[in-house]
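Peer 1: Take a look at this one; I'll ask things after.
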Amino acid sequence: MAELKCKKAKFGLLGDGTKVHLFTISNGKMSFSCTDYGCTLTSIIVPARGGKKIDVLLGCSSLDGYINSQSCFGTIVGRFANRISGATFMLDGIRYNLEKNERENTLHGGFDRYEKKVWKGKKIRTENGLGVQFTRYSYDGEQGMPGNVKIKVIYTLNEQNEITLEYFAESDKATPINLTNHAYFNLRGQDSGSIEPLELQMDCSEFLEVDNQLIPTGAKINVKDAPAFDFTKAKTIGKDIAQTGDGYDHAFCIDGSGDRKLRLFAKLKDPESGRSMTMATTEPAVQIYTGNFIEGLVGKNGTVYHKHDAICMEAEAYPDAPNKSQFPSCILRPGEEYHQVTKYAFSL
């Protein structure tokens, strides 16, 4: 049985001279790399036919690529992932105004994003395997949010080819908290084109209805009443994608998620290679996004990405939860701990 290994290397320098590092964790069969710049997953390397290996994660070849990118390739997203309508919310009688970085709304924290920060990273071993722990302090008022928040993010790999993402947070004031990773997956390989031939199955009987700005209306729709969104049985991503308009960019409600236990709910498969990935999470929803806005972006090794060349499966709270009392609460209060677990398991 191969030994789990973690290597640390230089990834580059920021303009102010801050050093940025790249960590690579391997179990002898597969590996992933991540950087302390934005807690970013930069690659997931898995075996392919003929003894080759492929990278199933879209991204950039250099630190400069991640610095200049606005697409969140593999990055952490917070303090509140996804959208907050009107860039404002009320909490305990106080109105908080945020940055409007997507029309009139706030997306992924506004302009001052966690993905553009250098975190403190160190090697760590947990019950989930070997990996990297990242920490930072998000001060009261950052992104317009209340509370000084201590955040810890851990990415690990084990011998069973499972990558586990854990998120922890504590705050000295009540604050919305919703952390996720914005990895862009393509099980055919990051340079292999459309993900429409991939098969997806999810235990999600409902999804959130959205308006023309992708803000939830507050209503849930049963997937049986909207067949394009029905993945309760495996089907190719491309089968009904034309019926969605630009593609999928919707929050699917995970069946039975109210108990906050780690729940296996999704399987993504490449029928041609047989390669597959399952996803489990403690979160109530997963945002399915099919790379609708990456047309023409230049990624790793000069690969030009196109619309629908990747799928993001972002475990998270319901979008716009701070403004929707009918949604599960996303509020972290003093004395409480935010803890989220998401696991991607690869069949090689």
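The values are calculated or read from the model by the stated rules, or taken from the named source; none is laboratory data. Just so it is clear, the structure is predicted and the values come from calculations on it, not from any experiment. Note: ideal-geometry Cβ built from the backbone for every residue, glycine included; neighbour counts use all protein chains shown. Only protein heavy atoms, including side chains, enter the accessible area calculation; ligands, DNA and RNA are left aside. Shrake-Rupley method; radii C 1.70, N 1.55, O 1.52, S 1.80 Å.
Peer 1: Quick one: which of Ala169, Ala228 is open to solvent by less than 10 Å² (accessible area, probe 1.4 Å) and touching a residue at least 60 places away in the same chain (Cβ under 8 Å)?
Peer 2: Of the residues listed, the single one that is open to solvent by less than 10 Å² (accessible area, probe 1.4 Å) and touching a residue at least 60 places away in the same chain (Cβ under 8 Å) is Ala169.
Peer 1: Next question, about the same structure. Do you know which residues across the range 155-170 are among the hydroxyl-bearing types (Ser, Thr, Tyr) and more than 16 Å from Lys5 (Cα to Cα)?
Peer 2: Once the filter is applied, which keeps residues that are among the hydroxyl-bearing types (Ser, Thr, Tyr) and more than 16 Å from Lys5 (Cα to Cα), the range 155-170 yields only Tyr167.
Peer 1: Then there's this: Residues that are of a type in the set (Lys, Arg): list the strands (runs of 3 or more DSSP E) wholly contained in the range 5-45 that include at least 1 such residues.
Peer 2: Qualifying strands (runs of 3 or more DSSP E): 5-13, 19-26.
Peer 1: Also, I was wondering about something else. May I ask you to say which residue of Thr88, Thr106, Thr75 is within 30 Å of Glu159 (Cβ to Cβ), β-branched (Val, Ile, Thr) and open to solvent by less than 40 Å² (accessible area, probe 1.4 Å)?
Peer 2: When all the criteria are applied, what remains is Thr75.
Peer 1: Restricting to the range 231-244, name every residue that is out of contact with any His (no Cβ under 9 Å at 6 or more places or on another chain) and either assigned to a strand (DSSP E or B) or surrounded by fewer than 17 Cβ atoms within 10 Å (Cβ to Cβ) (or both).
Peer 2: Hits for the range 231-244 are Thr232, Lys233, Ala234, Lys235, Thr236, Lys239, Asp240, Ala242, Gln243.
Peer 1: Out of curiosity, is Ile45 at pLDDT 95 or above, more than 21 Å from Leu179 (Cβ to Cβ) and in contact with a Gly (Cβ under 6 Å, 6 or more places away or on another chain)?
Peer 2: no
Peer 1: Sticking with this one: Which is open to solvent by 10 Å² or more (accessible area, probe 1.4 Å) and of a type in the set (A, V, I, L, M, F, W, C), of Phe23, Phe11?
Peer 2: That would be Phe11, the only listed residue that is open to solvent by 10 Å² or more (accessible area, probe 1.4 Å) and of a type in the set (A, V, I, L, M, F, W, C).
Peer 1: Name every residue in the range 260-307 that is open to solvent by less than 20 Å² (accessible area, probe 1.4 Å), more than 20 Å from Asn128 (Cβ to Cβ), part of a loop (DSSP other than H, G, I, E, B) and not charged (D, E, K, R), in order of residue number.
Peer 2: Answer for the range 260-307, where residues must be open to solvent by less than 20 Å² (accessible area, probe 1.4 Å), more than 20 Å from Asn128 (Cβ to Cβ), part of a loop (DSSP other than H, G, I, E, B) and not charged (D, E, K, R): Pro284, Thr290, Gly291, Asn292, Ile294, Gly299, Tyr305.
Peer 1: Regarding the range 311-324, can at least one residue be identified that is at pLDDT 95 or above and surrounded by fewer than 21 Cβ atoms within 10 Å (Cβ to Cβ)?
Peer 2: Yes - at least one qualifying residue is present in the range 311-324.
Peer 1: Say we look at the range 245-259 and pick out the residues that are under 26 Å from His306 (Cβ atoms) and touching a residue at least 24 places away in the same chain (Cβ under 8 Å); which of these is surrounded by the most Cβ atoms within 10 Å (Cβ to Cβ)?
Peer 2: Going through the qualifying residues, I end up with Ala251.
Peer 1: Another question, if that's okay. Among the numbered conditions (1) open to solvent by 60 Å² or more (accessible area, probe 1.4 Å); (2) touching a strand residue (DSSP E or B) at 6+ places or on another chain (Cβ under 6 Å); (3) modelled with pLDDT of 95 or more; (4) not hydroxyl-bearing (Ser, Thr, Tyr), tell me where Cys330 comes up short.
Peer 2: The one condition Cys330 does not meet is (1).
Peer 1: Just for the range 150-166: of the residues that are open to solvent by 40 Å² or more (accessible area, probe 1.4 Å) and assigned to a strand (DSSP E or B), which one is nearest to Ile76 (Cα to Cα)?
Peer 2: Looking at residues that are open to solvent by 40 Å² or more (accessible area, probe 1.4 Å) and assigned to a strand (DSSP E or B), I get Lys152.
Peer 1: Within the range 151-159, identify whether any single residue is in contact (Cβ under 8 Å) with a residue 12 or more places away in the chain and over 22 Å from Met30 (Cβ atoms), and answer yes or no.
Peer 2: Yes, the range 151-159 contains a residue that is in contact (Cβ under 8 Å) with a residue 12 or more places away in the chain and over 22 Å from Met30 (Cβ atoms).
Peer 1: Mind listing whichever residues of the range 214-225 are open to solvent by 50 Å² or more (accessible area, probe 1.4 Å), outside any helix (DSSP H, G or I) and either farther than 24 Å from Thr282 by Cβ or touching a helix residue (DSSP H, G or I) at 6+ places or on another chain (Cβ under 6 Å) (or both)?
Peer 2: Result: Thr217, single match.
Peer 1: Check Gly141, Gly131, Gly147, Gly121 and return the single one that is open to solvent by less than 10 Å² (accessible area, probe 1.4 Å), more than 18 Å from the chain's Cα centre (by Cα), modelled with pLDDT of 95 or more and among the small types (Gly, Ala, Ser).
Peer 2: Gly147
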